[in-house]
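> Structure below; questions to follow.
FYI, it's all coordinate maths here, none of it is from the lab. Here the structure is a predicted model, which means the values were calculated and not measured. So basically every Cβ, Gly included, is an ideal-geometry build from the backbone, and we count neighbours across all protein chains shown.
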Amino acid sequence: MSFILTAVIMFLFWILLSGEFGFILIASAIISCLFVSYLSHDLLIGKANVRLGLIRIFRFIKYLPWLMWQIVLSNIDLVKRTLHPKMPISPTIFSFKNELRTEMGMVALANSITLTPGTITVDVNEDEFIIHAVALELAEGLMEGEMQRRIKAIEGEEDV
Amino acid sequence: MDIIRTIISGILIATGCFLIVVAAIGVVRFPDFYTRMHPAGKGDTLGQGLVLTGLMVYEGFDLISVKLLIIIIFIFIANPTATHALAKAAYVAGVKPWVKDKGEGK
């Protein structure tokens, strides 16, 4: 199962990158896709639950517009703070509790925190996220935990 | 039609360039390592994203714009990850964050 899926994904990606349909190209595509999938099909998909994975990807796509808006806000904030003559910053390091269960959820939350207003992820472990914020009031926004709630909704109630 | 597309892509590319310039200024102006990571991580990500989106609009929908979209997705994953890796390295090595009213940190 994972072998076929890996081969199909790789073949589609090959066509996307090459965009040509000559006989030699397609033949070498099939051969190399099968060979690479044979070597590494347990890496890309492995024992993961494909159906649950697709549900999560779908939920993640619904999360993207909100994330994009936060990125825009964060850049406006950054431009203001950078070009302001007095530079209104008051950096702090703080931490909050990690309530996520999956590794992908932690990666998504850590990257989202880095992209949203005034905060970057410094360290992640099982218990907590350690965050550096460029100003105190921005740290409070993150402490309310809206982003973590959204990522938890993507993870859903299903087992890992 | 063509002129509208050119104008839109021009606006997107100009905004992206502005953000990248501001990010560069920010890296110079901010006081310490951690605060410098902020403009490097955020300004670059959206700046490059906007420049590439502008090029996508200019190119129209074909294979090249799909490739540009793949590059954008890659940057949006890789750039915050790199920022995080640098910040974590500094944190583990014990770099003290700069705090306001207490002068320079080390």
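> Excluding A:VAL79 itself, calculate the net charge of residues whose Cβ lies under 14 Å from the Cβ of A:VAL79, where each Lys or Arg counts +1 and each Asp or Glu counts -1.
Here the charged neighbours net out to +2.
> What angle, in degrees between 0 and 90 and rounded to the nearest 10, separates the Cα long axis of helix A:103-115 from the longest principal axis of the Cα atoms of chain A?
Tilt relative to chain A: about 50 degrees.
> Report, by chain and number, residues whose modeled amide H sits under 5 Å from the one on A:ALA135, excluding near sequence neighbours (fewer than 5 apart, same chain).
Answer set, sorted by chain and number: A:SER90, A:THR92.
> Okay, next question. Count the net charge of all other residues whose Cβ sits under 10 Å from the Cβ of B:PRO39, scoring Lys and Arg as +1 and Asp and Glu as -1.
Residues close to B:PRO39 contribute a combined charge of +3.
> Here is a further query. Given the protein assembly as shown, what count of lysine pairs have C-alpha atoms under 18 Å apart, with each pair 8 or more places apart or on different chains?
Qualifying lysine pairs in the protein assembly as shown: 10.
> I would also like to ask the following. Helix-derived [θ] at 222 nm for chain A: sum -39500 (n - 2.57) over DSSP H runs of at least 4, divide by residue count, nearest 500?
Estimated from H runs of four or more residues: -22000 deg cm²/dmol.
> Per DSSP H run of n ≥ 4, the term is -39500 (n - 2.57); total these for chain B, divide by its residue number, and report the mean residue ellipticity at 222 nm rounded to 500 deg cm²/dmol.
Using -39500 (n - 2.57) per qualifying helix, the result is -29000 deg cm²/dmol.
> For helix B:33-59, what angle does its Cα long axis make with the longest principal axis of chain B, in degrees from 0 to 90 and rounded to 10?
Taking the Cα atoms of chain B, the angle to B:33-59 is about 0 degrees.
> Across chain A, where is the longest run that never hits trypsin sites (Lys or Arg not before Pro) in a DSSP loop with at most 16 other C-beta atoms within 10 Å?
In chain A, the maximal stretch lacking such sites is A:102-160.
> Also: Gaussian network model of chain A, Cα springs within a sub-10 Å range: biggest mean-square fluctuation belongs to which of A:VAL124, A:VAL134, A:VAL79?
Checking each option, the largest mean-square fluctuation is seen for A:VAL79.
> Can I ask one more? Defining a contact as two alpha carbons under 8 Å apart and six or more residues distant in sequence, what relative contact order in percent does chain B show?
28
> Quick one: helix B:2-29 against the long Cα principal axis of chain B, what's the angle to the nearest 10°, folded into 0 to 90?
Around 10 degrees separate the two axes.
> Which order results if A:HIS84, A:HIS132, B:HIS38 are arranged by neighbouring Cβ count within 10 Å, fewest first?
A:HIS84, A:HIS132, B:HIS38
> Under 8 Å for C-alpha pairs, at least 6 residues apart: give me the relative contact order for chain A, rounded to a whole percent.
Computed value for chain A: 21 percent relative contact order.
> Around A:GLU128, which amide H atoms from residues at least 5 apart in sequence, or from another chain, sit under 5 Å from its own amide H, with H modelled in the peptide plane?
Correct list: A:ASN98.
> Moving to a separate point now. Mind listing the long-range amide H neighbours of A:GLY145? Cut-off is under 5 Å, sequence gap 5 or more, other chains count too, H placed in the peptide plane at 1.01 Å from N.
Those lying under 5 Å, H to H, from A:GLY145: there are none.
> Something else now. How do A:LEU138, A:LEU73, A:LEU43 rank when sorted from fewest to most other Cβ atoms within 10 Å of their own Cβ?
So the ranking, lowest neighbour count to highest, is A:LEU43, A:LEU73, A:LEU138.
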